[in-house]
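Below you'll find the structure, written out as structure tokens, and then a few comments.
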Amino acid sequence: MISSLKQKAVDIILKSGAAVLPADRYTDMKYPSLLPLMRFHVDRYEVKGFGHIMIMHTTTKMGMELLTISFMPSELPDLPYLLVDAMSMKKKRCAFVEYYGCGADGFNDAALKESYDRWKALPDYAEKDNWYVKERMPYSLIKSGEADQLTDMAADCIRSYLGSVSSCKRLSGYEDKLRSFRECMITEGNPSSKTLKMLLKEDGARQFMENVIMPLKGS
């Protein structure tokens, strides 16, 4: 499921006209360094008129695979911040399509709502409550189910999201709201916090959030 979703996401991203950013010290990471239990591969892209995309593929010795795709609207189009998370381990699978308005409104989100309507009937995934759950836009999809369905759902939402970029307008005042939300993701915690702090220590995890996952100009 994870490899299939990653390939579909990359295909959609490249078709959107994304430029591939060069490899750097974050491209391949492992933990622990000598006998790794976890390996991380990071790809990064820039989309003109939108901003930054990061894909992080995590594999573990325990057989769990994780995929995190962060769509950071750093050029301030009128789209919410999008975080796609997927997990596969044995028979357990889930995919999250999480839209965050960050306190802004007036989004260009008609296509996102249409994707929600196409997939809302899939079984909901029972996640633990956390502060960021309440921050999600109501058309977010937090789902479990069959691998093919979850893959198609996430790919459809990514396609709708990036397909909206061409009709976007610059959203006034959005940068400060994105910056504040990013700070909450760092200080209040996010699903990757423990893993990133384990891998990069606290200061390194902050730098990764600010420069790789959710970059803004002047970060």
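Summary of computed values
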{"read-out": "Set W119, W131: member being in contact (Cβ under 8 Å) with a residue 40 or more places away in the chain and either closer than 19 Å to I12 by Cβ or surrounded by fewer than 16 Cβ atoms within 10 Å (Cβ to Cβ) (or both)", "value": "W131"}
{"read-out": "Among the candidates Y31, Y81, residue that is over 24 Å from S4 (Cβ atoms), at pLDDT 95 or above and among the aromatic types (F, W, Y)", "value": "Y81"}
{"read-out": "Residue selected from the stretch 134-143 under the condition assigned to a loop (DSSP other than H, G, I, E, B) and in contact (Cβ under 8 Å) with a residue 24 or more places away in the chain, by the criterion surrounded by the most Cβ atoms within 10 Å (Cβ to Cβ)", "value": "S140"}
{"read-out": "Scan of the stretch 36-60 for residues that are outside any strand (DSSP E or B) and closer than 15 Å to L199 by Cβ, ordered by number", "value": "P36, L37"}
{"read-out": "Single residue of the stretch 168-207 satisfying the filter (within 23 Å of A18 (Cα to Cα) and more than 17 Å from the chain's Cα centre (by Cα)) that is surrounded by the most Cβ atoms within 10 Å (Cβ to Cβ)", "value": "Y174"}
{"read-out": "Count - residues of the stretch 137-153 that are of a type outside the set (S, T, N, Q) and touching a Pro at 6+ places or on another chain (Cβ under 9 Å)", "value": "3"}
{"read-out": "Top-ranked residue in the stretch 45-67 [being under 16 Å from G163 (Cβ atoms) and small (G, A, S); ranked as modelled with the highest pLDDT]", "value": "G51"}
{"read-out": "Test: residue in the stretch 149-167 that is part of a loop (DSSP other than H, G, I, E, B) and surrounded by fewer than 17 Cβ atoms within 10 Å (Cβ to Cβ)", "value": "no"}
{"read-out": "Residue in the stretch 72-84 that is in a loop (DSSP other than H, G, I, E, B), surrounded by 21 or more Cβ atoms within 10 Å (Cβ to Cβ) and aromatic (F, W, Y) present", "value": "no"}
{"read-out": "Residue match in the stretch 171-188 (condition: free of Cβ contacts under 8 Å to residues at least 24 places away in the same chain, acidic (D, E) and within 25 Å of M29 (Cβ to Cβ))", "value": "yes"}
{"read-out": "Subset of the stretch 173-219 (residues that are in a loop (DSSP other than H, G, I, E, B) and at negative phi)", "value": "E188, N190, P191, S192, M214, P215, L216, K217, S219"}
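The values are calculated or read from the model by the stated rules, or taken from the named source; none is laboratory data. On a predicted model such as this, the values are computed, not experimentally measured, just so you know. No Cβ is skipped: glycine too gets one built from the backbone with ideal geometry, and neighbour counts run over all protein chains shown.
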